[in-house]
1. Give region 163-182 a look and list any residue that's over 21 Å from ALA274 (Cα atoms), within 13 Å of the chain's Cα centre (by Cα) and open to solvent by less than 50 Å² (accessible area, probe 1.4 Å), or say none.
2. Taking region 134-169 only, how many residues are in a loop (DSSP other than H, G, I, E, B) and either in contact with a helix residue (DSSP H, G or I) (Cβ under 6 Å, 6 or more places away or on another chain) or touching a residue at least 60 places away in the same chain (Cβ under 8 Å) (or both)?
3. So, in region 240-271, of the ones that are hydrophobic (A, V, I, L, M, F, W, C) and in contact with a Ser or Thr (Cβ under 8 Å, 6 or more places away or on another chain), which residue ends up nearest to GLY227 (Cα to Cα)?
4. Would you mention how many residues in region 115-146 are in contact with a Leu (Cβ under 7 Å, 6 or more places away or on another chain) and within 16 Å of ligand 2 (Cβ to nearest atom)?
5. Answer yes if at least one residue in region 84-98 is part of a loop (DSSP other than H, G, I, E, B), within 18 Å of the chain's Cα centre (by Cα) and buried (at least 20 other Cβ atoms within 10 Å of the Cβ), and no otherwise.
6. I'd like the residue in region 179-233 that is free of Cβ contacts under 8 Å to residues at least 24 places away in the same chain and outside any helix (DSSP H, G or I) and, out of all such residues, is farthest from ligand 1 (Cβ to nearest atom).
7. Could you run through region 183-215 and say how many residues are hydrophobic (A, V, I, L, M, F, W, C), more than 14 Å from the chain's Cα centre (by Cα) and closer than 21 Å to GLN277 by Cα?
8. Inspect region 199-209 for any residue being within 16 Å of ligand 2 (Cβ to nearest atom) and either touching a Phe, Trp or Tyr at 6+ places or on another chain (Cβ under 6 Å) or β-branched (Val, Ile, Thr) (or both) and give the result as yes or no.
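The values are calculated or read from the model by the stated rules, or taken from the named source; none is laboratory data. Values in this document were obtained by computation on a predicted structure and should not be read as measured data. Neighbour counts are summed over all protein chains in view; Cβ atoms, including those assigned to glycine, are modelled from backbone coordinates with ideal geometry. Side chains included, ligands, DNA and RNA excluded: accessible areas come from the protein's heavy atoms. Shrake-Rupley method; radii C 1.70, N 1.55, O 1.52, S 1.80 Å.
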Amino acid sequence: MTFDIGPTAADGAGSAPGGGTILLLGAGRMGGAMLRGWLAQGVPASAIAVADPSPAPDLVELAARTGVRLNPASGAPVDTLVVAVKPQMVESAAAGVQTMLAPHTLALSIMAGKTLADLRRLFPAAGSVVRAMPNLPAAVGRGATVAVAEAGCPADRKERAASLLTAVGSLEWLADEALVDAATALSGSGPAYVFYLVECLTRAGVEVGLPADVSERLARATVEGAGALMGATGQPAAELRAGVTSPGGTTAAGLSKLMADDHLQSLLNATLRAAAQRAAELGGTGPKA
Ligand SMILES: NC(=O)C1=CN([C@@H]2O[C@H](COP(=O)(O)OP(=O)(O)OC[C@H]3O[C@@H](n4cnc5c(N)ncnc54)[C@H](OP(=O)(O)O)[C@@H]3O)[C@@H](O)[C@H]2O)C=CC1
Ligand SMILES: O=C(O)[C@@H]1CCC=N1
């Protein structure tokens, strides 16, 4: 499949932050979240095309309502290709967009594991490549993203990548690509660990006698509130924890179990090691599943 995004910014089409046209390859949970962030930040819908062979109904509705082009036919080069398909799918997905690449094209990937060298191989005609790792709170403009650019990437291409990534949250550029898999394990996958904490707190609340619905509401509100407090105060987590922990009180009693023998720390160390290891496995031509 090839795509025609129509006239480029140079022809007077709408332009993305930093200028130019965008092709979003894959608009599932993360790609869709980024697309909504760009539109909310005022990127003109006319600058954006989406390639996704079986778009979800809400994406079809969004495209019809905003004018974002969905699976347009035939090809012309774009300024930015955002690669948001699963790493296991990218070999076949990349084949359909080769005619959209030109020396002025920035290929910006959010795929876990795929390295700058992989991106160079997959998108050989793109002028520049940037590898990023956002996370799902991007859906509400609160994503935490890291990114690394290939050596020699021009400043204006990095700025273009930064504009698209900061439209959905914070961005840290990493100097060392080797750190991206570790960041993927922490912040890329991290929201899932926090959601699992809410599930566990809910079950533990039931264990100490709360009705399940009350327990779930309290667990959710506690995590939301704790996160908001941390964000609003900027205080170190350990200080905030100390603020909850009255000497000889209930929290100290609870933490004596949670912190015993560094069990949770060891578990999180193993958790991040496993996630980082999986990111490394997804690089190269990667496993198929
Ligand atoms: N989910 C997350 O929290 C995060 C994900 N990422 C990365 O983002 C990427 C996408 O993940 P996620 O959004 O969760 O996955 P999804 O499966 O939700 O989204 C991928 C989308 O790509 C579509 N797709 C499949 N094949 C093609 C193709 N050939 N051309 C165009 N589109 C295609 C899929 O369609 P269909 O469903 O029909 O197959 C789907 O809509 C991954 O590389 C992941 O590593 C990064 C950070 C966080
Ligand atoms: O689980 C995954 O592979 C993706 C990358 C980070 C979050 N979700």
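1. LEU164, LEU165, ALA167, VAL168, GLY169, LEU171
2. 6
3. LEU240
4. 5
5. yes
6. Selected residue: GLY209.
7. Going through region 183-215 one residue at a time, the tally reaches 1.
8. no
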